[in-house]
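We did not get these values from a lab; they are worked out from the coordinates using the rules stated. Note that the structure is a prediction, hence the values are computed from the model and not measured. Note that we place each Cβ from the backbone using ideal geometry, even for glycine, and neighbour counts take in every protein chain shown.
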């Protein structure tokens, strides 16, 4: 039984997992052979974090069809609560790094999920660009509030303050979050293997949700809200479900990201960070999970590869971004694509399918 | 106390006027091209840099610098529209959004390469005496007066332009229904170019005015005011010209008061919280028309 005899859905699922596993094996082998440069191996954990973030944002933007501009906000909620959780666990005698990481990731995911749910209740009353601007607003609010947040831990337990670190009132404790200076003295316990594990979990959650009854309801709401409503689908519930799950996954990815550095600051998780993740999703293709994985990995590596031409690299990045979006819509490209199709005799059916996909994508976001 | 409130109010209106002028560009482009032009904030930065260079390197008088920066940004707006946005006229709106982000990155990094990352001080260029009222109890900076005055003039001019002229009528027709406008013989492409030109010219004015009040000029100077102005446009009801002005001025006043009476660190959070509350009460913004969906 070949891979072609499988259902298309099963086939794409297998391919998606295979991409991640093969990438992991390839990198491990290359790393073992010493073929991976220092700057690139430093990027391995962030790549995994961005892949998870892109896949989870795809659940909101691609599958549920809502433009969210505040994904970095949920990432930061996860990152900071994860740091606090790891700090507490370490303080109370947990030394196993795997246990620390899992504890931090679970706490981070739950916190981001809860915040996502709370934010989602008002956000899901709105539509389209208004929804987009409110998610942007929430992302900025989360960033601003984290800037005045102080958390410390001592033997008596956790201490919070919203004025300064002195008013925490600790007795020989450790400051975990220090306002605008961010979380300091983080144990760097993220590894590439843990990152791949998180990517696999994220992909599994998103794909299983997409292929379930709930997932089909979410996509029905995206494709035609009124039709979905008229067959009895609770649109708010399903949009909120996608938003909450994506927030929780972003939180876990935030923990992975934070645990790779010794310091993180709230201003890292700003609007530009959210936009960066959105770029991965759009470039990879809406609702296409393997596309998100590849584009997130590629676009995280691209600035590193361009490092030798340091001054021009972000300029080139910008030009690549514009060209990738604009070129497929130019007349020259379309004529060339037509010629290639005629030359290699690709059927009309493929064309028709492409067009249907294109219009679907367009309608979902108007 | 009264004087302090009045000073804050005037500062808020001045900052709000800058937001309003930027928001006008956002809202006009959105109304006609149905796209969120995230590169708009960076056009502000380009405008401010052009004015800065014209005055401090070429030794031109300030008014010539402003004129040059308006011309430069107008041309830039038209070029960007032709190269980056026009091919995407019928593409999904998210693709256009990402292209706009690409243009924004491009402008920021080009500015970084040309001008360097060190902040330029804008205040050395144009200095105006401050106004003293009530025997010096109330000081109003000339910049604030100039900014508010510019905003009012621009508002009146734009309202006249869209209401009375043929081009303005074409713009309104295009934003109402692009296909129908085309059938009536309106050149949609040149109308859209015109809107980008006006929006970018306004952004240049906003850039100069903003740098008069907050005189540090960096490649990223435009991004936060851009986001705030976008917020202002949505607050007033995106696509509506009076809405953009109202939203901008409200946002500026709220921001200054939040900074003065609550906390400088969470002033932005307060601004965005107000936006969320208003959108929950009026989901189409203050002056926006709610659109009913048809089956």
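Here are the numbers:
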| read-out | value |
| --- | --- |
| Peptide ranges A:224-236, B:254-266, B:238-250 listed from the most packed, as the mean C-beta count within 10 angstrom indicates | B:238-250, B:254-266, A:224-236 |
| Relative counts (whole %) of C-alpha pair distances in the protein assembly as shown, using bins that are 20 Å wide | 17, 51, 29, 3, 0 |
| Cβ crowding within 10 Å averaged over residues, with B:70-79, B:47-56 ranked highest first | B:47-56, B:70-79 |
| Fewest-first ranking of A:164, A:270, A:129, using other Cβ atoms within 10 Å as the exposure measure | A:164, A:270, A:129 |
| Pairwise centroid distance, computed over Cα atoms, of the stretch A:253-297 with the stretch A:147-207, Å | 19 Å |
| Radius ratio Rg over Rh of chain A, counting only Cα atoms, Kirkwood formula for Rh | 1.00 |
| Cβ crowding within 10 Å averaged over residues, with B:9-21, A:243-255 ranked highest first | A:243-255, B:9-21 |
| Within a Gaussian network of chain A (alpha carbon springs, distance under 10 Å), most fluctuating of A:341, A:11, A:127 | A:341 |
| Peptide A:317-324 - average C-beta neighbours from other chains (10 Å radius) | 6 |
| Average partner coverage of A:329-336, which counts Cβ from other chains inside 10 Å | 2 |
| Per-residue Cβ neighbour rank within 10 angstrom, fewest leading, A:304, B:81 | A:304, B:81 |
| Peptide-level mean, for B:273-284, of C-beta atoms on other protein chains within 10 Å | 4 |
| Gyration tensor over alpha-carbon atoms, the stretch B:2-221, equivalent ellipsoid semi-axes in Å | 32, 22, 15 |
| Extension gain, residue A:21 back to residue A:118 (0.36 nm per residue minus Cα-Cα distance, nm) | 31.4 nm |
| Hull shadow area, averaged, the stretch A:87-194 [alpha-carbon convex hull, nm²] | 8.6 nm² |
| Choice from A:189, A:309, A:110 showing the highest fluctuation, given a GNM over chain A with Cα pairs closer than 10 Å | A:309 |
| Tilt relative to chain A, helix A:348-364 - C-alpha long axis, 0 to 90 degrees, to 10 | 40 degrees |
| For the stretch B:207-238 versus the stretch B:38-102, the gap between their alpha-carbon centres in whole angstrom | 14 Å |
| Cα Rg, Dmax (largest Cα-Cα span) when computed across the stretch A:1-149, Å | 19.2, 60 |
| Helix A:213-223 vs. chain A, principal-axis angle (Cα, 0 to 90°, nearest 10) | 70 degrees |
| Order of A:64, A:267 under a 10 Å beta carbon neighbour criterion, fewest first | A:267, A:64 |
| Between helix B:2-33 and chain B: long-axis angle, C-alpha atoms, 0 to 90°, nearest 10 | 20 degrees |
